[in-house]
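Shown next, in structure tokens, is the structure this report addresses.
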Amino acid sequence: MENKDNLNSLIEILKGAERVVILTGAGISAESGVPTFRGQDGLWKTYRAEDLATPTAFSHNPQLVWEWYDWRRGLICSKEPNSGHKVIARWEKFFPSFHLITQNIDGLHQKAGSKKVFELHGNIWKIRCTEEDTVMENHDTPLREIPPKCPECGALLRPHVVWFGESLESSVLHNAFYLSANCQVIFVVGTSAVVQPAASLPLTAAEAGAKIVEVNPTSTPLTAYANFSFRGGAGEILPLIDEKLRLISSD
Ligand code: BJW
């Protein structure tokens, strides 16, 4: 189906939608210049997740893991939200109930103006004490010391992100499943939809009767379940949808 035909029927559904959820992944930040994980130019083409994004990797070589995160923090801090992030921030006020769930740790949704963001995999600008579990904000780029130590107890600090094999924060996960199970439309933007449990959220929504709207330049395992599939970048497709929505709301 052409994007254009899709768009008109989607707008009809959105006109009556009161509860909308959006799940984003690395692709939403691609047009801001933040690398994705999978695919042609993805981080996992150059780096091994097993060496950098697991608790075992960190316990074996905290120096290496922190150097990688320090590099990524330096890259992300210079990036700005794109038109996709900005549309999502506007929709917080547009729909009666709108919730943003992200797998991203880059903070670009907040920078675009989104006020309430459910961060499934943590945030790269937060650091956690490995002894006391205290979480602190830290925006130093580069970091003053690698690996950084807790200012309170001197223990090793770690990035406040969720690595493979680690559980997601239970309240965030609970809210994410609750919101997905209770929405009418779920947008799934810029995710390869392969990492669990995030990849189950759209299916949970669909089982409860919600429509799935996928925005991605390529197909994913979720595409077969999507009611609408828009093939293109988030920075192109989301403004198109937003423009149509604004037109009908000003009628
Ligand atoms: C664009 C675009 C543009 C490009 N516009 N789009 C059940 C079955 C099998 C395995 C498991 C399971 N349950 C749990 C697991 C294990 C594991 C898992 O899912 N593994 C799979 C890979 C097989 N999950 C976990 O370990 C999770 N923990 C957990 O479930 O705990 C309980 C448990 C543990 C163990 C066993 C069983 C239960 C934790 C997952 C943590 C993921 N962490 C990372 C790193 C975070 C920190 C960091 O950033 O440094 O999170 S990995 C990485 O993948 C990152 C991302 O958030 C995540 C998802 O990636 P995302 O966002 O989808 O990005 P990409 O790159 O994959 O895709 C980008 C997409 O954008 C592509 O489709 C492009 O086409 C598209 N795109 N340009 C729109 N302009």
Bridge orientation stat for the chain from DSSP, antiparallel percent rounded to 5, came to 25
Rounded to the nearest whole number, the Stokes-Einstein translational diffusion coefficient of segment 35-141 at 4 °C and 1.567 mPa s (Kirkwood radius, C-alpha pairs) in µm²/s is 83
Quick calc, the chain, dipole around Cα centre from Cβ unit charges on Lys, Arg (+) and Asp, Glu (-), nearest 20 debye, gives 400
From DSSP H assignment alone, runs of 4+ in the chain each adding -39500 (n - 2.57), the sum over residues rounded to the nearest 500 puts [θ] at 222 nm at -11000 deg cm²/dmol
Distribution output for segment 89-224: share of Cα-Cα pairs per 5 Å bin in percent, first bin at 0, values 2, 9, 16, 19, 18, 14, 9, 7, 4, 1, 0
A 1.4 Å probe over the protein heavy atoms gives segment 207-251 a carbon and sulfur accessible-area percentage of 51
Computed ³J(HN,Hα) along segment 146-156: with the Karplus parameters 6.51/-1.76/1.60, θ = phi - 60°, integer Hz and x for glycine or proline, the list is 10, x, x, 10, 5, x, 8, 10, x, 6, 5
Which of H99, H160, H174 fluctuates most in a GNM of the chain (C-alpha springs under 10 Å)? That residue is H174
Probe 1.4 Å, heavy atoms of protein chains only: per residue, the accessible area of the chain in Å² is 48
The extension gain from S9 to Q63, computed as 0.36 nm times the residue separation minus the Cα-Cα distance, is 14.3 nm
Which of K79/K149; K15/K93; K111/K211 exceed 24 Å between C-alpha atoms? The answer is K79/K149; K111/K211
Note: the chain at 37 °C, 0.692 mPa s; Kirkwood Rh on alpha carbon pairs; Stokes-Einstein D in µm²/s works out to 174
Taking every alpha carbon pair in segment 170-251 and sorting the distances into 5 angstrom bins from 0 up to the bin holding the longest one, the percent per bin comes out as 3, 15, 23, 22, 19, 12, 5, 1, 0
Of every Cα-Cα pair in segment 1-77, the percentage lying beyond 14 Å is 74
Of V188, V20, V65, the most mobile residue in a GNM of the chain (C-alpha springs, cutoff 10 Å) is V65
Within the under-11-Å Cβ sphere about P62, not counting P62, Lys/Arg +1 and Asp/Glu -1 give a net charge of +1
With all protein chains present, segment 1-142 has a carbon and sulfur share of its accessible area (1.4 Å probe) in percent of 49
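The values are calculated or read from the model by the stated rules, or taken from the named source; none is laboratory data. Computed from a predicted model, the values in this text were never measured in an experiment. Don't worry about glycine lacking a Cβ; one is built from the backbone with ideal geometry, like all the others, and counts go over all protein chains shown. Just the protein is used for accessible areas: all its heavy atoms, side chains included, with ligands, DNA and RNA removed. Shrake-Rupley method; radii C 1.70, N 1.55, O 1.52, S 1.80 Å.
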